[in-house]
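Novice: For reference, the structure I am asking about is given below.
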Amino acid sequence: MRNETVVPIERLKEEPFASVLCYPKCGSAELEERLEEMQNLNVEAIEFAGKTSVFNVPVLGKGHVGIVVIGHTKGKRIALKIRRVDADRNGLQHEARMLTIANSVLVGPQLGDVSQNFLLTQFIKGEVITEWLGGNIEEACLRRVLEEVLEQCWRLDSVALDHGELSHAPKHLIIDKEEKPFIVDFETASTKRRPANVTSICQFLFVGGFPSLKVEEVLGKRVTSEIVEAARLYKKLRSRSNFESLLQTCLV
Ligand SMILES: Nc1ncnc2c1ncn2[C@@H]1O[C@H](COP(=O)(O)OP(=O)(O)O)[C@@H](O)[C@H]1O
Ligand SMILES: [Mg+2]
């Protein structure tokens, strides 16, 4: 990788940038179309930075559907999801629709713009939850963050939007520099499934696995069977009082 990290749109035709734009395989017609799409979205440059690497180029993240990089538009830094050429989705409009619903209850990065191959959202500068949990966290801070995560999941449940990837998806929860949690990637979200955000995230955070070990280390040992039972009751009846009992059981 060359020294510069901010690459203006005119230079994105060069390798290895072109291959990142059309991951995993770059065709010249596809590249031209994508560059035009980016221009229409007012993306002026891409900043290659992040902990993941694609063709030796640092990026924010890589999933089954997209490569996420920092984009520069109108003097602002945004997160730019680039649809993979091999994605089993024709466009990113579905994700934009799902994110709009999430945003309506103040969940997820703010949606900026969308086209077939690009999704512009608020750039969340922070660490994914597993990384964040690996650091030194004070008890009050951990309690606050976990409560906020559960409240966000409650709001998603309330608008019947199921994220779909919260039970085993450490990459979909980013904690920013102000210790505010953000749920990302609404690509597999749906309004047609029964929402299971609260129960999925409880499973991930409190029942088995690395997150629960860290939670117990900082907040003290909790009784898994009580959490499982409170989650079962909430699943049966998604009421605020059942949610609050679950919250209490998780965060005693
Ligand atoms: N708005 C964002 N700000 C910062 N990083 C992000 C943002 N959106 C996604 N990422 C990072 O990029 C990774 C891949 O994005 P994701 O939306 O999960 O793509 P995919 O749909 O391909 O799985 C995420 O796991 C996350 O680490
Ligand atoms: Mg993902």
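Novice: What does the extension gain come out to for E179 and H64, with contour length at 0.36 nm per residue minus their alpha carbon separation?
Specialist: 38.7 nm
Novice: Shifting gears a bit: Take every Cα pair under 8 Å in region 6-122 that's 6+ residues apart, average their separations, divide by the length, and report that relative contact order as a whole percent.
Specialist: Working: 212 pairs, mean separation 24.5, N = 117.
Worked out over region 6-122, it gives 21 percent.
Novice: For N103 paired with S225, estimate the spin-label separation in nm (one decimal), with each label point 7 Å from Cα along the Cα-to-Cβ line.
Specialist: Rounded to a tenth, the inter-label distance reads 4.7 nm.
Novice: What's the angle, to the nearest 10 degrees (0 to 90), between helix 28-40's Cα axis and the longest principal axis of the chain?
Specialist: Taking the Cα atoms of the chain, the angle to 28-40 is about 70 degrees.
Novice: Now for a different question. So which of K13/K62; K125/K236; K81/K192; K25/K81; K51/K192; K76/K180 end up more than 26 Å apart by C-alpha?
Specialist: On the way: K13/K62 20 Å; K125/K236 37 Å; K81/K192 24 Å; K25/K81 17 Å; K51/K192 34 Å; K76/K180 20 Å.
Among K13/K62; K125/K236; K81/K192; K25/K81; K51/K192; K76/K180, the Cα-Cα distance tops 26 Å for K125/K236; K51/K192.
Novice: Another question about this same structure. Lone cysteines in the chain, going by a 4.7 Å Cβ-Cβ cut-off?
Specialist: C141, C153, C202, C250
Novice: Same structure again: What FRET efficiency would be calculated for the residue pair V252, Q116, taking the C-beta separation as r and a Förster radius of 51 Å, to the nearest 0.05?
Specialist: Efficiency at R0 = 51 Å is approximately 0.60.
Novice: Right, something else. At what distance in nm do the modelled label points of L237 and D86 sit from each other, each positioned 7 Å from its Cα along Cα→Cβ?
Specialist: Using points 7 Å along Cα→Cβ, the separation is 4.9 nm.
Novice: A follow-up question, please. What is the angle, in °, between the Cα long axis of helix 209-219 and the longest principal axis of the Cα atoms in the chain? Nearest 10 is fine, range 0 to 90.
Specialist: Relative to the chain, helix 209-219 is tipped by roughly 60 degrees.
Novice: Provide the gained length on full extension for the span N42 to L213, in nm with one decimal, where the gain is 0.36 nm per separating residue minus the Cα-Cα distance.
Specialist: 57.1 nm
Novice: Next question, about the same structure. Over the chain, what is the mean sequence separation of C-alpha contacts under 8 Å (at least six apart), divided by residue count, expressed as relative contact order in percent?
Specialist: Answer for the chain is 13 percent.
Novice: HN-Hα J couplings of region 230-244 from phi, Karplus 6.51/-1.76/1.60, θ = phi - 60°, integer Hz, Gly and Pro as x?
Specialist: 5, 5, 5, 5, 5, 4, 5, 9, 7, 9, 4, 6, 5, 5, 5
Novice: Let me ask something else. Packing-wise, with mean Cβ within 10 Å as the measure, how do 52-60, 109-117 rank, highest first?
Specialist: Ranking the peptides 52-60, 109-117 by packing returns 109-117, 52-60.
Novice: Could I ask something else about it? Can you tell me which of 174-187, 136-149 comes out highest on packing, and rank the rest after it, using the mean Cβ neighbours within 10 Å?
Specialist: Working: 174-187: 19.7, 136-149: 15.1.
Ranked by mean Cβ neighbours within 10 Å, highest first: 174-187, 136-149.
Novice: If you don't mind, there's one more thing I want to ask. I need the shape label for the chain. Rule: rounded when a/c is under 1.5, else prolate if a/b > b/c, else oblate, with a, b, c from the alpha carbon gyration tensor.
Specialist: Taking the square roots of the gyration eigenvalues as a ≥ b ≥ c, the chain is prolate.
Novice: Give me the number: length gained by fully extending E10 to E32, i.e. 0.36 nm times residue separation minus the C-alpha to C-alpha distance, one decimal in nm.
Specialist: Result: 6.8 nm gained on full extension.
Novice: Taking 7 Å along the Cα-to-C-beta vector as the label spot, tell me the S158-T191 distance in nanometres, rounded to one decimal.
Specialist: For S158 paired with T191, the spin-label model returns 1.7 nm.
Novice: Please state the charge dipole magnitude for region 122-252, taken about the Cα centre, from unit charges on C-beta atoms (+1 on K and R, -1 on D and E), reported in debye and rounded to the nearest 20.
Specialist: My answer is approximately 560 debye.
No lab work stands behind these numbers, since they all come straight from the coordinates. Keep in mind that what you see is a predicted model, and the values were worked out from it rather than measured. Positions of Cβ are generated from backbone atoms using ideal geometry, with glycine treated the same way; all protein chains shown enter the neighbour counts.
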